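*Asks:* This structure is in structure tokens; I'll ask about it shortly.
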Amino acid sequence: MANRYGEAALIAAHPDKHHPKATPLDRWNTATKQLYPTSPTQQKKGGPRGAFLGLCEEGLVKGFIPGSYSAQRIHKDYAVRAVRLLLDGAPASVTGLWREVADNPETPHTSQMDVVLALWKNDRIQKPA
């Protein structure tokens, strides 16, 4: 199973028939509150949130239309580059993807790749239009 941020991405990406107009940010916030009920810091962690919202922004997460969902460009860029690599057949591993997408691979990732891989491995990523 994915780490908790990967799990949050899967919860957020799951269609919600009770709240069909919820934005990707609304869904992400609901998912992280569910998984981290006592930690506002972990609920608001920028790397995984920016990765999820960035993928939604680009229309890469099934069920979400492209739009403007986040101002965190760096996390979005990492996630989008990782998805492109996966679509091109790159091996699906956190460390392998991070080495390819990071400007400085020595910098530790902050769960962006966990979000990407959870969505990828659970068939929630769609090819760009």
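*Asks:* Tell me, please, whether a residue that is surrounded by 13 or more Cβ atoms within 10 Å (Cβ to Cβ), touching a Phe, Trp or Tyr at 6+ places or on another chain (Cβ under 9 Å) and of a type in the set (S, T, N, Q) can be found in the stretch 34-48.
*Replies:* Looking only at the stretch 34-48, we keep the residues that are surrounded by 13 or more Cβ atoms within 10 Å (Cβ to Cβ), and these are 34-36, 42-43, 45-48.
Now narrow it down to the ones that are touching a Phe, Trp or Tyr at 6+ places or on another chain (Cβ under 9 Å): 35, 42-43, 45, 47-48.
If we keep only those that are of a type in the set (S, T, N, Q) as well, we get 42-43.
The answer is yes, given that some residue of the stretch 34-48 is surrounded by 13 or more Cβ atoms within 10 Å (Cβ to Cβ), touching a Phe, Trp or Tyr at 6+ places or on another chain (Cβ under 9 Å) and of a type in the set (S, T, N, Q).
*Asks:* Checking ASN3 against (1) under 15 Å from the mean Cα position of the chain (by Cα); (2) of a type outside the set (Val, Ile, Thr); (3) modelled with pLDDT of 95 or more, which single condition isn't satisfied?
*Replies:* The failed condition is (3).
*Asks:* Another question about this same structure. Given (1) surrounded by fewer than 18 Cβ atoms within 10 Å (Cβ to Cβ); (2) touching a Phe, Trp or Tyr at 6+ places or on another chain (Cβ under 6 Å); (3) not hydroxyl-bearing (Ser, Thr, Tyr), where does ALA90 come up short, assuming only one miss?
*Replies:* (2)
*Asks:* Taking the stated definitions as given, is THR95 surrounded by fewer than 12 Cβ atoms within 10 Å (Cβ to Cβ) and of a type in the set (Ser, Thr, Tyr)?
*Replies:* yes
*Asks:* Then there's this: Looking at the structure I just gave you, is LEU53 in contact (Cβ under 8 Å) with a residue 24 or more places away in the chain, more than 12 Å from the chain's Cα centre (by Cα) and over 13 Å from ARG124 (Cβ atoms)?
*Replies:* no
*Asks:* Consider only pairs whose beta carbons are under 6 Å apart and that are at least six residues apart or on different chains; among these, list those whose first residue lies in the stretch 103-129 and is within 19 Å of ILE65 (Cα to Cα) and of a type outside the set (A, V, I, L, M, F, W, C) and whose second residue is at pLDDT 90 or above and surrounded by fewer than 17 Cβ atoms within 10 Å (Cβ to Cβ).
*Replies:* ARG124/LYS62; GLN126/LYS62
The values are calculated or read from the model by the stated rules, or taken from the named source; none is laboratory data. Keep in mind that what you see is a predicted model, and the values were worked out from it rather than measured. Neighbour counts run over all protein chains shown; Cβ positions are idealised from the backbone, glycine included.
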